[in-house]
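Have a look at the structure below, then the notes.
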Amino acid sequence: MTALLEVDNVSKRFGGFVALDGINLSVKAGERLGLIGPNGSGKSTLVNCICGTLTNEMGTVHFDGTPMNGLTAHQRTRRGLARSFQLPRPFPSLSVADNLRVPLLYTVNARSGPHLSAADIEARTAELLSLVGLANRGGQQPRDLTQVDMRKLELARALAAEPKLLIADESMAGLSNNEVADIVALLIRLNERGITIIMIEHIMRAVMSFSQRLVVLVSGKKIADGAPDTVIRDPEVERAYLGQ
Amino acid sequence: MAARLVGNDYIFFAGYVVLQYIVLATAWNILGGYTGYVNFGSAAFFALGAYASVFLNKAYPLPIPVLIVVGAVISGIVGLGMGYLTLRLRGAFFAIATLALAVVLQTFITNWSYVGGARGAYVIRPNEIEPIGPYIQYLFLLMLALAVIALTVARSIERSRLGLGFAAIRDDELAAEASGVPTLKLKLIATTISGALMGMAGAPFPYYIGYLQPTSAFALDYAVNSIAMPMIGGTTSWIGPLIGAILLGTLQQVATVTISSSVNLLIVGLLIVDCVIIAPTGILGLLQGRRTARDVVADPAVFALLFAVNVIPIYFLHQEALAARPLEIIFWAVLVFLAFARGRLIGLSWLVGLPIFGALLSVVPGPSWLWLVSALALAICLVAGLVLRPRDAVARSTT
């Protein structure tokens, strides 16, 4: 398998604070990767650099064989790199269904290839909503959704862009055990359809059941990368999480 | 065309201004309401259209429809350029930048003697035009056509892919980018369309007014009205600016001819205050019930202040000519509405009777002391609304 995402020596500073310090990361097509680290370790910054929300001063990100440097966030999304936000960021004035129409119209229909007709979009929206368990909620406003449903909407919107790589940034925070299991099952189903997934999560049970490989960030540095069972027993990782 | 039958041209002069505000408010709303970027520089785009006409009138006279196209192109290009320079700024910073653009352009025009400079420029218009008749009717029809064009553009944007993209930008720009929306490109489209429509509205203006000077073309009225009208009507739909422009525009025209212009400003200002507090999502939002009257008067202090503030224009209007009387109705209606909402909240439905009683007293002819009774009724209503608390709250505090 070839690498779908290649992060090469990426660094990012905010003023004097080094948020990312020479990160190298390679993700193969079809892989399920878990990314963990304590609060403030740079996980979200890394996601933002990969997705183009932030620009990294050093290093390059290659996606699907092409360098991403200089591409804006929407250009990267159109190339198949989708993300969900850590705190759900729905479009509050649009209905739930319209929230999904935005990526369908602006990502899927912006790619070369057959365009979706109005009927296709209708069908695709309904399909996505039932996939994440929000069927019949298409007509509601995001503010009427529960926190759980808001997170599902966040995932559905990222999926609507038909990504090759999906980055799920803490899409399970605050959910109950059953809900976590639902979302993990959903992500594994998506992975079986061929979507490569990076999961960023604090809930270790979810990460361990989901990931084929685990990467640990601490203070902007990658300190471990390997099979989840091995990584979790790594003394350095234990030290970072539990203290001395 | 009743006015043509009546043979009174004034209605066309007034109607032209209202239609012009429909175009300006609709144009502002495409950037401000749909995309969420507040433009304080409407007057600059309007004036650009107007001065393009003045320039061409002197250099190479052309029919007004052609001037409208020229004005639209110039203002559209300036809109695009301004967008490119300023759209990386968010919120208040963008608004300040648009204001700065207006100042820069005004300084430029004031110092450009070819188009009249600070002296201003005369534009001689013929009295009649075939086959319509009086020239003002021709201008009125042109502006009517522009209003239809502007509303059609706004309505079709709203229902298109573009409108969905604009709404996504307004709601959350980061999430819009992540969903594949090319935010910068769409914002540039919005500033260009918005600027072009404003330039269109300005192009016939020199022919309407006959004498154009920088202070009238760059007047603050245009900037304020083109923001206030969509806000009052509602910014999320093309109908909002239409409602706002018709309401506020007509009101201003009526006030201008019936009362002094300073009271005119007071009225418009107070109506904006009323709208912002009672209907922050515009009249459309109020109609769709997104906010109930209960919320507005839940705080007794807000009720009392709003009530007192709306009594002020009634006092002033009462001293004006009889023709100004109809304007009082608006403020009486606001008072009745406030008393009704507050009365229902605190369980005293008779509260609404007091301002109605006061209104009737002020209208019926009678001895001069009647207004004292009217004022007393209003004072009782104000104090009752301020002091009395909702029953359930009273019950809670006593137990």
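Quick notes
- Each helix, a run of at least 4 DSSP H residues, gives -39500 (n - 2.57); summed and divided by the residues of chain B, these come to -24000 deg cm²/dmol at 222 nm.
- Each Cα pair under 8 Å and six or more residues apart adds its sequence gap; the mean of these over the residue count of region B:292-398 is a relative contact order of 28 percent.
- From helices alone, chain A scores -10500 deg cm²/dmol at 222 nm; the rule is -39500 (n - 2.57) for each run of n ≥ 4 DSSP H residues, then divide by the residue total.
- Of the trypsin sites (Lys or Arg not before Pro) in region B:50-132, the ones in a loop by DSSP (not H, G, I, E or B) with at most 14 other beta carbons within 10 Å are B:88, B:90.
- Across region B:40-53, coupling constants 3J(HN,Hα) worked out from phi with the 6.51/-1.76/1.60 Karplus curve, θ = phi - 60°, read 8, x, 3, 4, 5, 5, 4, 5, 4, x, 5, 6, 4, 5 Hz, and Gly and Pro carry x.
- Structure remark: mean-square fluctuation, Gaussian network model of chain B, C-alpha springs under 10 Å; the largest value among B:193, B:169, B:22 belongs to B:169.
- Taking every alpha-carbon pair under 8 Å whose residues sit at least 6 apart, chain B reaches a relative contact order of 21 percent.
- Kirkwood analysis of the Cα pair distances in the protein assembly as shown returns a hydrodynamic radius of 28.6 Å.
- Cβ-derived FRET efficiency at R0 22 Å, residue A:93 paired with residue A:130, nearest 0.05: 0.35
- Relative contact order %, chain A, counting alpha carbon pairs below 8 Å whose residues are six or more apart: 26 percent
- Two-decimal Rg to Rh for region B:2-260 - Kirkwood Rh, Cα set: 0.98
- Averaged over peptide B:153-162, the number of partner chain Cβ atoms lying within 10 Å of each residue's Cβ comes to 1.
- Entry for region B:152-311 at q = 0.19 Å⁻¹: log10 I(q)/I(0) = -1.29, Debye formula applied to identical alpha-carbon scatterers, no solvent contribution.
- Of the two radii for chain A, the radius of gyration is 0.96 times the Kirkwood radius, both from the alpha carbons; that is the Rg over Rh value.
- Rg(Cα) / (2.2 N^0.38 Å) computed for region A:1-146, rounded to two decimals: 1.20
Each value in this text was obtained by applying a stated rule to the coordinates, not by laboratory testing. Computed from a predicted structure; not experimentally measured. Ideal geometry is used to build each Cβ from the backbone, glycine not excepted, and the neighbour counts take in all protein chains shown.
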